[in-house]
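For reference, the structure discussed in these notes is given below.
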Amino acid sequence: MSAKQKIMLIHGPNLNLLGKREPEIYGADTLADVEGWCREAGADAGRDVDCRQSNHEGEIVTWIHEARDTAAAIVINAGAYTHTSIAIHDALRAFEGVIVELHISNPHLRESFRHVSHIGPTATAQVAGFGVKAYPKAISAVCRMLG
Ligand code: CA2
């Protein structure tokens, strides 16, 4: 696929544990399952989905910089960095494509420290509270948005 046509799917800290702990909040499907569904949803629309996960803030910042040259859209679940990271906010501000903020749970129904998002003001669209099945739906919606 030519430059800037991919969708970069970024997962932040602890999301590598999906399906392995706290299934009552995050479900029983693993990160590998979610990434597989997203690659399929992208392929259905002729787009590559570039899947990444990191527990390190700076690595996520570097990937967002990389996306400036490779991706038309970023779908990001920044995990707890959602609520703390001005660095990820600033990096997303420098990305000119579509940005989707996605959460498996609805942070507004949880502890008050989850009620602030530093990703939200940078996002084209937000998804929260639909569980992991929202990921491939979000990828399909982004593909339609990109045309
Ligand atoms: O609901 C979401 O998707 C969150 O972004 C998940 C974050 C949390 O800090 C946000 O407030 C909301 C936490 C991700 C932790 O993921 C785990 C998955 C399985 C087991 C343990 C943690």
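The values are calculated or read from the model by the stated rules, or taken from the named source; none is laboratory data. Predicted, not measured: the structure shown is a model, and the values here were computed from it. Ideal geometry is used to build each Cβ from the backbone, glycine not excepted, and the neighbour counts take in all protein chains shown. Just so you know, the surface numbers come from the protein's heavy atoms only, side chains and all, with ligands and any DNA or RNA stripped out. Shrake-Rupley method; radii C 1.70, N 1.55, O 1.52, S 1.80 Å.
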Inset, instruction - Mind telling me which of the residues Val61, Val34 ends up being among the β-branched types (Val, Ile, Thr), closer than 21 Å to Tyr81 by Cα and in contact with a Phe, Trp or Tyr (Cβ under 6 Å, 6 or more places away or on another chain)? - result: Val34
Inset, instruction - Tell me which residues, restricted to segment 1-33, are near the ligand (Cβ under 10 Å from one of its atoms), modelled with pLDDT of 95 or more and assigned to a helix (DSSP H, G or I). - result: Leu15, Asn16, Leu17, Leu31
Legend entry - Qualifying residues in segment 1-51 (those that are under 19 Å from Ala134 (Cα atoms) and of a type in the set (Ser, Thr, Tyr)) - the one surrounded by the fewest Cβ atoms within 10 Å (Cβ to Cβ): Thr30
Inset, instruction - Those residues that are touching a His at 6+ places or on another chain (Cβ under 8 Å), more than 10 Å from the ligand (Cβ to nearest atom) and open to solvent by 10 Å² or more (accessible area, probe 1.4 Å), I need them from segment 52-93; list them, please. - result: Arg52, Gln53, Ile86, His89
Legend entry - Criterion violated by Glu96 - all others in (1) within 20 Å of Tyr135 (Cα to Cα); (2) surrounded by fewer than 15 Cβ atoms within 10 Å (Cβ to Cβ) satisfied: (1)
Inset, instruction - Scan segment 1-41 residue by residue and report those that are under 16 Å from Ala67 (Cα atoms) and not aliphatic (A, V, I, L, M). - result: Ser2, Lys4, Gln5, Lys6, His11, Gly12
Legend entry - Some residue of segment 120-140 being more than 16 Å from the ligand (Cβ to nearest atom), modelled with pLDDT of 95 or more and closer than 25 Å to Gly19 by Cβ: yes
Legend entry - Pairs with Cβ under 6 Å, 6+ apart, first in segment 1-30 and aromatic (Phe, Trp, Tyr), second open to solvent by less than 20 Å² (accessible area, probe 1.4 Å): Tyr26/Leu18; Tyr26/Ile104
Inset, instruction - With respect to Thr70, determine if the residue is of a type in the set (Ser, Thr, Tyr), touching a helix residue (DSSP H, G or I) at 6+ places or on another chain (Cβ under 9 Å) and over 18 Å from Gln126 (Cα atoms). - result: no
Legend entry - When residues of segment 102-127 are limited to those that are among the aliphatic types (A, V, I, L, M) and touching a Ser or Thr at 6+ places or on another chain (Cβ under 9 Å), the one surrounded by the fewest Cβ atoms within 10 Å (Cβ to Cβ): Val116
Inset, instruction - List every residue pair whose Cβ atoms lie under 6 Å apart, where the two residues are 6 or more positions apart in sequence or sit on different chains, the first residue falls within segment 119-130 and is touching a residue at least 12 places away in the same chain (Cβ under 8 Å), and the second residue, located anywhere, is in a strand (DSSP E or B) and of a type outside the set (Asp, Glu). - result: Thr122/Ile99; Ala123/Ile99; Thr124/Val98; Thr124/Ile99; Ala125/Val100; Val127/Leu102; Ala128/His103
